[in-house]
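J.: One structure coming up, written as structure tokens, with questions to follow.
The values are calculated or read from the model by the stated rules, or taken from the named source; none is laboratory data. Here the structure is a predicted model, which means the values were calculated and not measured. Note that each Cβ is placed from the backbone with ideal geometry, even for glycine, and that neighbours are counted across all protein chains shown.
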């Protein structure tokens with residue numbers, strides 16, 4: 001049984017961010033030179049949690065609009081109580097750091 005796109009995106013984003021050199025904070029993504037950029041462009045090399053979801057969703061679909069819809073649904077799966085910034089994936093990323101992000105992204109079962 002194939003995994004839903006949202007779950008596959010979460011699993012891939014977690015794998016991406018397991019490398020500390022691929023993580024950033026404060027923006028969705030940065031280039032190799034540290035310049036803020038969209039997570040769906042080729043030059044994006046470092047990502048926040050939400051940016052990593054968008055990056056991986058875009059790699060799976062090749063469609064930016066669809067990638068952002070998948071990103072929103074995937075974020076809702078791992079942060080169902082995101083009513084305030086501190087409970088959102090971006091808030092967790094920027095406030096608590098990469099290790100907490102990895103824990104949050106690890107909450108979703110991989111559906112074998």
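J.: Which members of region 43-86 meet the condition of being over 19 Å from residue 108 (Cβ atoms), modelled with pLDDT under 95 and part of a loop (DSSP other than H, G, I, E, B)?
T.: Result: 83, 84.
J.: Could you grab me the full set of residues in region 19-48 that are within 12 Å of the chain's Cα centre (by Cα) and more than 20 Å from residue 91 (Cα to Cα)?
T.: Listed by number, the list holds a single entry, 40.
Yes or no, residue by residue, for (1) touching a residue at least 24 places away in the same chain (Cβ under 8 Å); (2) surrounded by fewer than 24 Cβ atoms within 10 Å (Cβ to Cβ); (3) touching a strand residue (DSSP E or B) at 6+ places or on another chain (Cβ under 6 Å); (4) over 24 Å from residue 103 (Cβ atoms):
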{"residue": "16", "(1), (2), (3), (4)": "yes, yes, no, no"}
{"residue": "19", "(1), (2), (3), (4)": "no, yes, no, no"}
{"residue": "65", "(1), (2), (3), (4)": "no, yes, no, yes"}
{"residue": "80", "(1), (2), (3), (4)": "no, yes, no, no"}
